[in-house]
Amino acid sequence: AQKVTQAQTEISVVEKEDVTLDCVYETRDTTYYLFWYKQPPSGELVFLIRRNSFDEQNEISGRYSWNFQKSTSSFNFTITASQVVDSAVYFCALSKPGANSKLTFGKGITLSVRP
Amino acid sequence: DTAVSQTPKYLVTQMGNDKSIKCEQNLGHDTMYWYKQDSKKFLKIMFSYNNKELIINETVPNRFSPKSPDKAHLNLHINSLELGDSAVYFCASSQDSTGVRNTIYFGEGSWLTVV
């Protein structure tokens, strides 16, 4: 069975602070995919990143960066110099290849960035 | 153009009624999904269709009946609505169902409130 744990439920930071959102996953599969999605107050789910289990390189996209470590089964997400527009619920998710692939989500982290 | 669009965005209805939510994707994807987000924001898959065929049915009550007239459309019909059906329903799509190219893109969500 697959499981995603986002232990932090709510984080509040002041604008321009850096913030890291933690994600720990469990799977018995050797091939799997990890995702982060953002759900802003308007409610839609926005795809941020997908990472293949074979690719442990960290990724940076503007102020966003992701740290994938198989040794600790973690896929953490860091926002540098946070902005008010980063306020949202962030979901980490896991899937595996196969005929009936689906996403298993964590419970989400509510990030509030105060001006 | 919105890649995955679903209607209506908001729906308030009385217990016992029957309602439908429609979804269309213009990404040329083969696989479509319905996910449910409960009041605690937990996201869980309900159904998945690949080329109009049902491939995932996650212990959803029979009152929920998905229909896929073609691979670009996946509608969700709910009979005899109950208070517990109040949730946000997300339609989504991906290139295929195998997970290998499985970045799942979500619609904007349909907020269903049963009173």
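Points worth noting:
- For region B:62-115, the relative contact order comes to 31 percent (Cα pairs under 8 Å, sequence separation of at least 6).
- Along each principal axis, Cα extent of region A:51-115, largest first, Å: 45, 23, 20
- Restricting region A:1-93 to chymotrypsin sites (Phe, Trp or Tyr not before Pro) in coil, as DSSP defines it, with at most 12 other Cβ within 10 Å: A:F54
- Counting Cβ atoms of other protein chains within 10 Å of each residue's Cβ and taking the mean over peptide A:42-52 gives 4.
- Between B:Q37, B:Q25, B:Q14, the residue with the greatest mean-square fluctuation in the GNM of chain B (Cα pairs under 10 Å linked by springs) is B:Q14.
- Among A:T20, A:T78, A:T30, residue whose mean-square fluctuation peaks in a GNM of chain A (springs only between Cα atoms under 10 Å): A:T30
- Using bins of 5 Å that start at zero, the share of Cα-Cα pairs per bin across chain A amounts to 2, 12, 23, 25, 19, 11, 5, 2, 0, 0, in whole %.
- Note on chain B: lysine pairs with Cα distance below 12 Å, sequence gap of 8 or more or different chains, count 5.
- For chain A, lysine pairs with C-alpha atoms less than 26 angstrom apart, excluding pairs fewer than eight positions apart on the same chain, total 15.
- Other residues with beta-carbon under 11 Å from the beta-carbon of A:K70 carry, at +1 per Lys or Arg and -1 per Asp or Glu, a net charge of -1.
- Charge tally around B:H77: other residues with Cβ under 14 Å, Lys/Arg +1 each, Asp/Glu -1 each, net +2.
- Hydrodynamic radius of the protein assembly as shown by the Kirkwood approach over all distinct alpha-carbon pairs: 18.2 Å.
- Mean projected area in nm² (Cα convex hull; one quarter of hull surface) for region A:26-88: 4.9 nm²
- Cut-off under 5 Å, modelled amide H: who pairs with A:K102 long-range: A:K96
- Cα gyration tensor category, rounded, prolate or oblate, for chain B with a/c compared to 1.5: prolate
Only the coordinates and a few stated rules stand behind these numbers; no lab work does. The shown structure was predicted, so the numbers you read here are calculated from the model rather than taken from an experiment. Cβ sites come from the backbone with ideal geometry, for glycine too, and all protein chains shown count toward neighbours.
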